[in-house]
Amino acid sequence: MRKPLVSVVITVYNEEKNIQPLLEQTYHALKDLDYEVILVEDGSTDGTVSEVKKYANERTKLIIFNRNYGQTTALAAGIDLAIGSYIVTMDGDLQNDPSDIPGMLQKAMDEEWDVVAGVRAKRKDGFVLRKIPSKIANWIIRNSTKVYLNDYGCTLRVYKAEIAQNMGLYGELHRFIPVLAKQQGARMTEVDVKHHPRIHGTSKYGLSRTFKVLADLILMLFFQKYLQRPIHLFGGIGLFSFMIGFLISIYLLILKILGEDIWGRPIMILGFILILGGIQLVTTGIIAEMIVRTYFESQHKKTYTVRSVFVGEKQESKIENTENPASPEVG
């Protein structure tokens, strides 16, 4: 099977009126590249599928879901099917501009970046409902994960295929894709990209996503720091809790020996809770360690990523024959 240079993965959900201009603009932008386009139809209830079938060219694949799974799952399906050396992700709402792709791809190749992320420099969205929540979310993610990108919400990105296809996308983690890539040691940079106002259809994002993002952020922080050593998190907190509860119990025991009545004191109940909670947390850490080991070993996954291997060339002309040195001339 022919392996194109770039695979463009586009997620679409109820974008019937956007399909024709989306495909026309994408084909025009990629006309000088060896490409494939993969559209993932995420359970639309309008005529999105028929529009794609009407305007798709021979380099276009369409994945049709039986229901709506969400953007992260749609991206994962498209990335799994992609066979290009580089993978580009973008939204299907015409707010991303396909004309940015060639320049981003060239930058990735010329400067050997693993990820080139787009930054919506002049964002055409509502200020209160979209821009302010996005800026807050970006600031929180940036400073919590220490992955310093300016725009986590921009889907337009270029990845090396080996990075994109090993990120493990689940749930609703598409906003945290740069964090997942960084965990693989990806080298990332950013470029400003064009952004257009939505003309057709309605946005799938809103303030209701704020709490989901915060919940996913907790998961990302766990992945970053404790995925391969969960006992350090659960065990540390558990031992601390147990020790505090143990000290409280010793204190109450001393009071009892001295003749004081300790029954029914709130501090006694707190001591029991801390001891039991500590034991449970340590036990959870041990179980989590076993699960992590099973995860890696059963699938023969490595806990590290090798960027490259260098093998030196044999240079026989530079090796002196020390076994049979030439005898000095006798004059």
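The values are calculated or read from the model by the stated rules, or taken from the named source; none is laboratory data. Bear in mind the structure is a predicted one, so any value in this text is a computation, not a measurement. Ideal geometry is used to build each Cβ from the backbone, glycine not excepted, and the neighbour counts take in all protein chains shown. The accessibility values were calculated without ligands, DNA or RNA, using every heavy atom of the protein model including side chains. Shrake-Rupley method; radii C 1.70, N 1.55, O 1.52, S 1.80 Å.
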(request) Give segment 64-91 a look and list any residue that's closer than 12 Å to ALA161 by Cβ, of a type in the set (A, V, I, L, M) and in a strand (DSSP E or B), or say none. (result) ILE87, VAL88
(message) Within segment 152-191, take every residue that is in a helix (DSSP H, G or I) and aliphatic (A, V, I, L, M) and give me the one that is surrounded by the most Cβ atoms within 10 Å (Cβ to Cβ).
(response) ALA164
(request) Check segment 126-135 and report whether any residue there is in contact (Cβ under 8 Å) with a residue 40 or more places away in the chain and surrounded by 20 or more Cβ atoms within 10 Å (Cβ to Cβ). (result) no
(message) Testing ASP100 on (1) open to solvent by 50 Å² or more (accessible area, probe 1.4 Å); (2) over 17 Å from the mean Cα position of the chain (by Cα); (3) not β-branched (Val, Ile, Thr), one condition comes back false. Which one is that?
(response) (1)
(message) Just to be sure I understand the filter: pairs with C-beta atoms under 8 Å, separated by 6 or more residues or on different chains, first member in segment 162-189 and at negative phi, second member aromatic (Phe, Trp, Tyr) and open to solvent by 40 Å² or more (accessible area, probe 1.4 Å). Which pairs pass?
(response) VAL179/PHE223; LEU180/PHE223; GLN183/PHE223; ARG187/TRP113; MET188/TRP113; THR189/TRP113
(request) Scan segment 19-50 for residues that are in contact (Cβ under 8 Å) with a residue 24 or more places away in the chain, more than 17 Å from PHE65 (Cα to Cα) and either open to solvent by 30 Å² or more (accessible area, probe 1.4 Å) or in a loop (DSSP other than H, G, I, E, B) (or both) and jot them down. (result) GLN20, PRO21, GLU24, GLN25, TYR27, HIS28, LEU30, ASP32, LEU33, ASP34
(request) Provide a single number: the residues in segment 51-73 that are loosely packed, with under 13 Cβ neighbours inside 10 Å, free of Cβ contacts under 8 Å to residues at least 24 places away in the same chain and either within 18 Å of LEU156 (Cβ to Cβ) or of a type outside the set (D, E, K, R) (or both). (result) 1
(request) Of the conditions (1) closer than 23 Å to GLY43 by Cβ; (2) open to solvent by less than 60 Å² (accessible area, probe 1.4 Å), ARG120 clears all except one; give me its number. (result) (1)
